Amino acid sequence: MASANPHMVFSDVHIAFAGKSVHAGVSLQVQRGSVHFIMGQSGVGKSVLIKTLVGLVHPDRGSITFDGTEVVGLSEAAFFPIRRRCQMVFQQATLFGSLSVLDNVAMPIARHEQVSMAVARQRAAEVLESLHARHLGERLPATLGPGLRKQVAIARALALNPEALLYDEPTTGLDPIAARRTDRLIRETSIRLGVTSVVVSHDLQSLLSIGDWVSFLHAGQLHFDGPPAKFFAATDPVVRAFVQAGSSSVGHC
Amino acid sequence: MVPISASVFFLRPLASLGRWGQWGGRQVQAVLRLGGAVLRNLPHAEPAAIWQQARDLGNRSMFFVVVVMAFVGAIMVVQASMQAQRIVGDLSIIGPGFMQLLVREFAPTIVALMIAARYGAGVAAALGAMQVTEQVDALRLCSAEPISYLVVPRVLGGLTSMPAIVVVGGAVAFVSGGLAGHFGFGIGWTSYFRTGFVVPSDVAIGFCKAAAFGVAVPLVSSWAGLSARGGARGVGQATTRAVIGSSVAVLFLDLVFGAAGYVAQRW
Ligand SMILES: Nc1ncnc2c1ncn2[C@@H]1O[C@H](COP(=O)(O)OP(=O)(O)O)[C@@H](O)[C@H]1O
Ligand SMILES: [Mg+2]
C-alpha cells in the first residue's frame with residue numbers, strides 16, 4: 001500500500017547474526033493509523049524486524065524511517081525520543097516482577113518525562129482506568145494470569161500516549177477468550193487513540209478480525225504484502241500452506 | 001615443511017590456544033566496555049538501590065563465608081603448626097604470621113572467590129533471566145538505562161560490602177585458627193593473638209584487593225547475565241560463565257596487586 005505519507009518505511013533492510021542472514025533486503029511500508037500484521041513462520045525474523053524501529057536491533061544495511069526520521073545508525077540516547085512515540089508490547093510477560101501493576105505503568109512516565117513517581121502514578125491510574133484495569137493496580141504481576149498481564153503490558157505501552165505500538169505475538173500463549181479480548185483491545189486502542197499498530201502474529205483469527213494489512217515474510221524476503229482478504233485468497237503455495245496450516249484453528253474460535 | 005606429527009602435536013594445540021586467546025581477549029574487552037559504561041552512569045547511582053544490593057550480597061554470602069572461613073582458619077593453623085613443630089619447634093610466630101597472611105592475601109582472595117560462586121551466580125541468573133525474557137529490552141523502552149538501573153547498584157554495592165565481609169571472614173578465620181592452635185597444639189592465647197607482623201602497607205594492600213574484587217565480581221557477573229541468549233539454557237550458561245569469569249578475574253587481580261605490592265615495598 002504505497003501512500004504519500006506512510007508512518008514507517010523499511011527499505012532494503014539487511015540483518016545477519018554472526019554471519020547468518022535473517023533479512024536479505026526487506027522493504028515495506030506501514031500506513032498511519034492502520035493495524036498492520038507481520039506474519040511468517042517462527043524464526044523468520046518478525047521480532048527482529050520490528051525491534052529495529054526502537055533500536056533494540058541494529059540492521060547491517062538499509063534504511064528505516066519512523067515518521068520521516070531515519071532511525072538506522074542512531075545512538076542509544078537518540079532512540080529515547082523515538083521510544084516515547086513508538087512503544088512495544090513484548091511477547092513474554094515483561095512486567096517488572098518486583099513492582100506493582102500501577103508502578104509498572106508509572107515507570108515509563110516517570111523515566112521518560114522525568115516527573116516524580118507520585119505524579120506518574122496518578123497518570124498511570126488514569127491509563128489503567130481507560131483500559132478498565134484500575135482495580136489491578138496494587139497487584140503484583142506474578143498474581144495475574146497471562147491475559148491480564150498482557151492487558152497491563154499494553155497499558156504500560158500506552159502510558160506515554162505513543163503514536164505507534166509494536167505488538168510482538170500478542171495472542172500467543174493466551175487461551176482463545178483472552179486472545180479475542182486482546183484483539184478487541186488492540187482494535188479499540190487503534191480507533192480510540194489513532195495509534196498505528198504493528199502486530200507480529202501467527203494468529204489468522206486475529207488477522208481476520210482486526211487486520212487492515214498483512215506483510216508475510218519468508219526466507220529473508222517480503223513474500224506477500226496486501227489486505228487480509230487477498231492474503232486468504234492467495235494462490236501462492238507458501239502463503240497457502242501457511243493459511244491452511246492455521247485455518248483449522250480459525251474455524252474453531 | 002613441518003612434519004605431520006609436529007603439526008598435530010604442536011601446531012594444532014597452539015592454534016587452538018591462539019583461538020582461545022582471541023576469544024578470551026574479546027570477553028575481557030566486553031567486560032571492560034561494560035566497566036566504562038558503569039563509570040559513565042555513575043552520576044545516576046541511587047543510594048537506596050546500592051544499599052539494597054550491598055545488603056543482598058551480605059545476606060546471600062555471610063553464612064557461607066563464616067562457615068568456610070572458620071574451616072580455612074583451623075585447617076591452616078593446624079597445618080602450619082605441624083610443620084613449625086617439626087622444623088623450628090617454635091609456635092609463637094604462628095598467630096602473627098597467619099594474621100599477616102590473612103590480611104594481605106587469604107581473607108580478600110578466599111572470601112572473594114566464595115562471593116564469586118554465591119553472589120556472582122545469583123547476579124548472572126537474575127540478569128540473564130531478565131535478558132532472555134526481554135525485560136532488559138522493556139527497561140530500555142521505558143527509558144531506564146539497564147546499566148545504570150541493573151549494573152551500577154550491583155557494582156557499587158559490591159565495592160562497599162566486600163571489604164566489610166572480608167574483615168568478618170578474616171576475623172572468623174583468625175579466631176578459629178587460634179582455637180585450633182590452642183586446643184590442638186597448646187599455643188598460648190597471648191602468643192597467638194598478636195598483630196605485630198602486620199604493617200600499614202599490608203592493610204592497604206588487603207583493602208585495595210577487597211575493593212577491587214568487590215567491583216570485579218559483580219561487573220563480570222553482570223556482563224555474563226546481560227550477554228545471556230536463548231532461554232533457560234542461556235541463563236544456565238551465563239551463571240557458569242559468571243562464576244568462572246569472576247573467579248579468574250579475582251585471581252588475576254590478586255596477582256597484579258601482589259606484584260605491585262612487592263615492587264612498591266622494594267622501592
Ligand atoms: N540477539 C540475537 N543474536 C543472535 N541471533 C538472534 C538474535 N535475535 C534473533 N536471532 C536469530 O534471528 C532469527 C530470527 O529471530 P526472531 O525475529 O525472533 O524470529 P520470529 O520470526 O520467530 O520472531 C532466529 O534465528 C534467531 O535465532
Ligand atoms: Mg518472535
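The values are calculated or read from the model by the stated rules, or taken from the named source; none is laboratory data. Treat the numbers as computed from the prediction; the structure is a model and nothing was measured. We place every Cβ from the backbone using ideal geometry, glycine too, and count neighbours over all the protein chains shown. Heavy atoms of the whole protein, side chains included, go into the accessibility calculation; ligands, DNA and RNA do not. Shrake-Rupley method; radii C 1.70, N 1.55, O 1.52, S 1.80 Å.
Structural remarks
- Top-ranked residue of the stretch B:219-247 - restricted to ones that are outside any helix (DSSP H, G or I) and surrounded by fewer than 24 Cβ atoms within 10 Å (Cβ to Cβ), ranked as nearest to ligand 1 (Cβ to nearest atom): B:Arg229
- Selected residue (only one of B:Leu57, B:Leu42 is among the aliphatic types (A, V, I, L, M), under 23 Å from B:Ser161 (Cβ atoms) and over 21 Å from the mean Cα position of the chain (by Cα)): B:Leu42
- Looking across the stretch A:169-190, the residues that are open to solvent by 20 Å² or more (accessible area, probe 1.4 Å), away from ligand 1 (no atom under 16 Å from the Cβ) and out of contact with any Leu (no Cβ under 8 Å at 6 or more places or on another chain) come down to A:Leu174, A:Asp175, A:Pro176, A:Ile177, A:Arg180, A:Arg181, A:Arg184, A:Arg187, A:Glu188.
- Residue list for the stretch A:52-97, filter: open to solvent by less than 30 Å² (accessible area, probe 1.4 Å), within 16 Å of ligand 2 (Cβ to nearest atom), within 9 Å of chain B (Cβ to nearest Cβ) and not in a strand (DSSP E or B): A:Val54, A:Leu56, A:Phe90, A:Thr94
- Looking only at the stretch A:33-47, residues that are more than 14 Å from chain B (Cβ to nearest Cβ), in a loop (DSSP other than H, G, I, E, B) and either open to solvent by less than 20 Å² (accessible area, probe 1.4 Å) or within 13 Å of ligand 2 (Cβ to nearest atom) (or both) come to 5 in all.
- Contacts under 6 angstrom Cβ, first residue in the stretch A:15-43 being within 23 Å of A:Gln205 (Cβ to Cβ), partner within 10 Å of ligand 1 (Cβ to nearest atom) and of a type outside the set (S, T, N, Q), 6 or more apart: A:Ile38/A:Lys46; A:Ile38/A:Val200; A:Gly40/A:Lys46; A:Gly40/A:Leu217
- Candidates B:Val151, B:Val136, B:Val123: the one that is closer than 18 Å to A:Ser98 by Cβ and either at the interface with another protein chain (Cβ under 10 Å from one of its Cβ atoms) or outside any helix (DSSP H, G or I) (or both) is B:Val136.
- Filter pass, A:Val30 being more than 16 Å from ligand 2 (Cβ to nearest atom) and under 27 Å from A:Gly194 (Cα atoms): yes
- Evaluation of A:Glu138 against (1) in a helix (DSSP H, G or I); (2) farther than 22 Å from A:Pro228 by Cβ; (3) open to solvent by 70 Å² or more (accessible area, probe 1.4 Å) (one fails), failing number: (1)
- Selection status of A:Ser190, within 19 Å of A:Leu53 (Cα to Cα), assigned to a helix (DSSP H, G or I) and away from ligand 2 (no atom under 16 Å from the Cβ): yes
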